[in-house]
Amino acid sequence: QVQLVESGGGLVQAGGSLRLSCASSGRTFSRYAMGWFRQAPGKEREFVAGISSSGASTGSADSVKGRFTISRDNAKNTLYLQMNSLKPEDTAVYYCATGRSTYYSGNYYDYNYWGQGTQVTVSS
């Protein structure tokens, strides 16, 4: 059983930055890809960024490309999302998730463990 806990969310003005963290209690963290998803009220879950098990490969949604950076520290069993140049449209609950394989996917159904989420609110 894998447990994930997100932290680092909060209220920030447009143009500001936040760094989200996702701590995993699993001992096999380094074996699996990880991803960040977000969900705004009344909207579907949206892929934000993904990273392979080793961290060698990453990808992100067009809406955040150039602004968000995903990374991981396998020695600390921790996933990160650095968010810069935040926009009001980025307001959502952000979730981290563990993938089913070593490579990331943009589809939510390719992830089988999820954190509780952390709220990010960007004011205009």
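The values are calculated or read from the model by the stated rules, or taken from the named source; none is laboratory data. What you see is a predicted model; the values in this text were computed from it and never measured. Glycine also receives a Cβ, built like all others from the backbone with ideal geometry; neighbour counts cover every protein chain displayed. These area figures cover heavy atoms from the full protein model, side chains too; ligands, DNA and RNA do not enter into them. Shrake-Rupley method; radii C 1.70, N 1.55, O 1.52, S 1.80 Å.
Here are the numbers for this structure:
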{"item": "Residue list for the range 20-39, restricted to those being exposed (fewer than 14 other Cβ atoms within 10 Å of the Cβ) and basic (Lys, Arg)", "result": "ARG27"}
{"item": "Residue in the range 101-113 that is of a type in the set (Asp, Glu) and open to solvent by less than 20 Å² (accessible area, probe 1.4 Å) present", "result": "no"}
{"item": "Failed item in (1) within 16 Å of THR118 (Cα to Cα); (2) open to solvent by less than 50 Å² (accessible area, probe 1.4 Å); (3) under 14 Å from the mean Cα position of the chain (by Cα), with ARG72 passing the rest", "result": "(1)"}
{"item": "Subset of the range 75-89 (residues that are open to solvent by less than 50 Å² (accessible area, probe 1.4 Å) and part of a strand (DSSP E or B))", "result": "THR78, LEU79, TYR80, LEU81, MET83"}
{"item": "Only one of TYR113, TYR80 that is in contact (Cβ under 8 Å) with a residue 24 or more places away in the chain and either in contact with a helix residue (DSSP H, G or I) (Cβ under 7 Å, 6 or more places away or on another chain) or closer than 21 Å to GLN1 by Cβ (or both)", "result": "TYR113"}
{"item": "Scope the range 46-71; condition free of Cβ contacts under 8 Å to residues at least 40 places away in the same chain and touching a helix residue (DSSP H, G or I) at 6+ places or on another chain (Cβ under 9 Å); matching residues", "result": "GLY55, SER63, VAL64, ARG67, PHE68"}
{"item": "Odd one out for ALA92, checked against (1) open to solvent by less than 20 Å² (accessible area, probe 1.4 Å); (2) of a type outside the set (Asp, Glu); (3) in contact (Cβ under 8 Å) with a residue 60 or more places away in the chain", "result": "(3)"}
{"item": "Residue within the range 108-115 that is within 17 Å of GLY8 (Cβ to Cβ) and either outside any strand (DSSP E or B) or touching a His at 6+ places or on another chain (Cβ under 6 Å) (or both) present", "result": "yes"}
{"item": "Residues satisfying the stated conditions in the range 40-69, i.e. open to solvent by less than 40 Å² (accessible area, probe 1.4 Å), of a type in the set (Ser, Thr, Tyr) and not in a loop (DSSP other than H, G, I, E, B)", "result": "SER60"}
